[in-house]
Structure formats: structure tokens, C-alpha cells
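See structure below.
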Amino acid sequence: MGVARAMTKAGSLLRLVKFEHTLFALPFALTSTVVCAHGWPAARQLFFIVLACVGARTAAMAFNRIVDRELDARNIRTRDRELPTGKVALWEAYALLIAAALVFVLSALALNQLCFWLSFPALGVLLGYSYTKRFTAWSHSILGLALAIAPVGAWLAIAGRFDAAPLALSAAVIMWVAGFDIIYATLDVEFDRREGLHSAVRRLGVPAALRLAAMLHVAFVAALLLFGHLAQLGAAYFVGAAAAGALIVVQHAIVRPNDPGRINAAFFVVNGVISVGLLGATAIDIWVV
């Protein structure tokens, strides 16, 4: 019974932080990694890059759930989450947050001193995002910035310096995440109005916000092309970038405001294919072509 309870609790903690959504940011970090290393880096570097990404995202999500727990309890869409329902106790969420933050910082230390010192402001961005919708309509871009730390951090782990190429990839991530977060925010526009929360959807209205999301996604594809140029990648990568652009078109064609099923398909399925597919195209470009 003890083992069964432990497994149930572990499952609840993983659901609390939507652990499977690590798939969104991690492939971009790995894309940056393989380009900088011209292939896979040393196993030790790869291990700590992956561990840092997992720790950072887990800490960010745990903190977000802690900060938003009362809002989640009042929102029909989110009231069944683990903290409002008591499946995860508040102290357990804090323990997960602290453990994940330590994993992130210590992984950065294991990579190099620059990564270690930059892990603290990075953690500030990751955690600070959770408060932004309380005072700005542009919290979507802060979320994008939080995920965009991963490609630059991976590059710093390998090269130990800033370069233009990973900054272009991070710019792409900011545009990509901000665009799809605006789409996702259409589900909560009425709730946000009642609670006094801010979003681009509340500020601009649904049609104009979706047009903004489309423009951000055009900029996303342009930044992917710039990254490929700066990193001197070849045809396979650019085919992958073009495929990402086609999937963005599919994403916007799928979306219907107030239809959670379609938005979840656009948000979770299409975005996962984009991130993994781009990593695959980059790997083919480096190792095969």
C-alpha cells in the first residue's frame, strides 16, 4: 500500500507541473546544443543540460501552480488541478519547487561558472512570470522569454560565450510561445475580466488577438530562418523550418475560440511536433547531409 500511495503521489506531482510539456522547451535547447557542438557534446555536458532544463521548467510550473492556486480554484477550466482539489498539498508543491530549483542551479554549476551565475537571474524570470498577468497584458512575451532561456543556456554550456545564432533561436522561441499562449488565453478571457487579470485577448479582443498571434508566428518562422543562416546550416534544416511554418498554418486553421478541444490540439499536439521536428531536421543536417 505504501508503494501504491507513493506512486499515486508521484503521478499527482508530475501532473501538477505538466511534466510532459517539457517537450516544448527541451528540443530547442537540444537544437542549440547540437549546433554549437557540431554533434552531440560530451555525455556529461548533455546530461546536465537536460537536467537543468527539466529542473528549470519544473520549478517554474510548480511556482505557477502555487501562485495561481486560488485563481485555479475559481476557474471552471482549472478547478480540478492538483492543488485546488488537495491531491497535492501546498507544502509538497513548495518542496517540489525547492528541489527543482536546486537541481537547476546545481546543474548549471556543473556545466560552468558562467551558467551558474546566470542561473539566478534566469530563475528570477522563470518564477517572476507567474505574477505578470496581474499587471500587464503582455505576460505572453514574458512566458516566451522564460522558455527562450533554454537555447542560450545550452549554447553557453557548450561554448562558454554568447553568440548571435542562439540569440536568434531564442527570439524564435519568444515569438512562438507568445503566439500560442495568446491562442490559449482565449479560453479564459471572460474569467480574466471577472478577476481583473490581464492578457492580450482581454485588451485587444479575440479576433485582433488571434491576428497578433499569427503575426508573432510569422516572426517565429523568420527567426528560425535567421538562426539557420547564422549557424550556417544546410538544406535539411531549412526544410524543417519550412515544415514548422506549415504546421503553424495548421495550428491557426485548427483554432476556434471557446473550443477547448481544438485549442488543446493546436497547443499540445502541433507545438510538440514543431519542436521535436525542428530538432530532428537539425540533427539530420548535422549528421547525415
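Every number here is computed from the coordinates shown, using simple stated rules; none is lab data. It should be emphasised that the depicted structure is a prediction, and the values quoted were computed from it without experimental measurement. Cβ atoms come from the backbone with ideal geometry, glycine included; neighbour counts cover every protein chain shown.
For the stretch 67-153, the square roots a ≥ b ≥ c of the C-alpha gyration tensor eigenvalues yield an a/c of 1.5 or more together with a/b not exceeding b/c, which makes the shape oblate. Of interest is the spacing of the C-alpha centroids, which for the stretch 267-288 and the stretch 140-210 amounts to 19 Å.
Evaluating 6.51 cos²θ - 1.76 cosθ + 1.60 at θ = phi - 60° for every residue in the stretch 14-25, the Karplus couplings come out as 5, 5, 3, 9, 6, 4, 5, 7, 4, 4, 5, 8 Hz, glycine and proline recorded as x. For the chain, the Cβ-based charge dipole about the Cα centre amounts to some 540 debye (Lys, Arg positive; Asp, Glu negative; other atoms uncharged).
The residues TYR237, TYR131, when put in order of fewest to most other Cβ atoms within 10 Å, stand as TYR131, TYR237. For the stretch 1-119, what does the alpha-carbon gyration tensor say about shape, rounded, prolate or oblate, given a ≥ b ≥ c as the root eigenvalues, a/c under 1.5 as rounded, and a/b over b/c as prolate? Note, shape of the stretch 1-119 comes out prolate. What ³J(HN,Hα) values, in whole Hz, does the Karplus curve 6.51 cos²θ - 1.76 cosθ + 1.60 give for the stretch 135-148 when θ = phi - 60°, with x put for Gly and Pro? Going residue by residue, I get 9, 9, 6, 10, 4, 4, 6, 5, 4, x, 4, 4, 6, 6 Hz, with x marking Gly and Pro. In the stretch 1-117, taking the dipole from charged Cβ atoms about the Cα centre, the farthest positive-side position among ALA4, VAL50, ALA25 is held by ALA4.
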